[in-house]
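The values are calculated or read from the model by the stated rules, or taken from the named source; none is laboratory data. All figures in this text were calculated on a predicted structure; none of them were measured in a lab. Here the Cβ positions follow ideal geometry from the backbone for every residue, glycine too, while neighbour counts run over all protein chains shown. All accessible areas refer to the heavy atoms of the entire protein, side chains included, with ligands and DNA or RNA removed. Shrake-Rupley method; radii C 1.70, N 1.55, O 1.52, S 1.80 Å.
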Amino acid sequence: MRGNEAASDFAAILGALSAGICSAQLLRHQIGTASTAQKVGVGLVSVAAMAAGGVITGYASIPTVSMIASGSLISAMASIAMRNTNLPETDVEPATKSGSYRYPDENLALGIKITGFIAASTPFLIAFMVNPSFWLNHDPTVGTRNISIAIESLSIELSKAIVSNLGFSVNRDALIFEEKFKVAMMGLLTYVIASVLCNGVAGGLLHAELTSDQFKSLILPALVGTLANCVKGAANAAAARYVHQQKGGSETDANSVIRPGQGLTWPISAQLAPKIMLRYLMISCRDSLFFGLKKAGLQPALANALSMMVYAGFAQFRDVTFDLMQGEGWSTASSTPSASEIV
């Protein structure tokens, strides 16, 4: 029992560090750190994210997952709505210290996104505060399993980094953020269907994974999951080529977004660690959702399918989320494709 408690504490620490680092990178670029108020805001939200990540990875708290998922979804919808309000080029303010351009109503857009996040997440926060013990999963394998998931995330990202350029792949550097978002939207349904079918056809391998705390139990589900990722990659490549061609470019120009094979690559880079952390958090959220649905009375097979469906919906935008963490965003009227605006 003490071993399980120690594993849960360690998993909570991993989750807290991962959430804190990912949120700090995201907020530092998307909110800014030019003023004291911005720095304080980034710090406070990052600390809150650390607490949320620890509760999710250590105790599989479904209200925390629901709070983050619903809040992020509403914020994204608000961002898209604000992006569709086009402003003339003369309304763009001078460049900030960071070199990116800001719309005059930037504070309004940011306020709408923050308000949307708070409004969507508050009910789940209240439910958790009223009866926290009910919403925490007390399965003794939660901690050790999430440590195994950390190893799984590390293995997947290392493998992707090594072989990602072995064959044809999407050259994301040839796309601006709007195009990357469109590509993710176009490939969303395909990836969701492939994810649910792959795990269903495999005879509930995901459910077997979620009832075990052994790393070896993750190997076969991870291999099966690569089938869905292969489908995802093919769909995204086709979508990227189509989106780029719709800009009015030639056939040759459209082919520029498809990068030919370049062989094996060295996996270690500054981007590897945050990618591992982001994947680890998303998989842990999927697990928490599965346990929450199962605890609510759903059959394991149905809980498995629903949790995988929701996970795939968010995982499809994992690369877009990582782009935001690197400082990308909606392009402004006066920015180049590499100088992007706040989302």
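Remarks
- In the set ASP323, ASP319, only one residue is touching a Lys or Arg at 6+ places or on another chain (Cβ under 9 Å), assigned to a helix (DSSP H, G or I), at pLDDT 90 or above and surrounded by fewer than 19 Cβ atoms within 10 Å (Cβ to Cβ); that residue is ASP319.
- Selection within segment 293-316 - open to solvent by less than 20 Å² (accessible area, probe 1.4 Å) and under 16 Å from THR57 (Cβ atoms): SER307
- Residue check, SER212 in a loop (DSSP other than H, G, I, E, B), among the small types (Gly, Ala, Ser) and modelled with pLDDT under 70: yes
- All positions within segment 28-71 that are open to solvent by 30 Å² or more (accessible area, probe 1.4 Å) and closer than 16 Å to SER8 by Cα: MET50, ALA51, VAL55, TYR59
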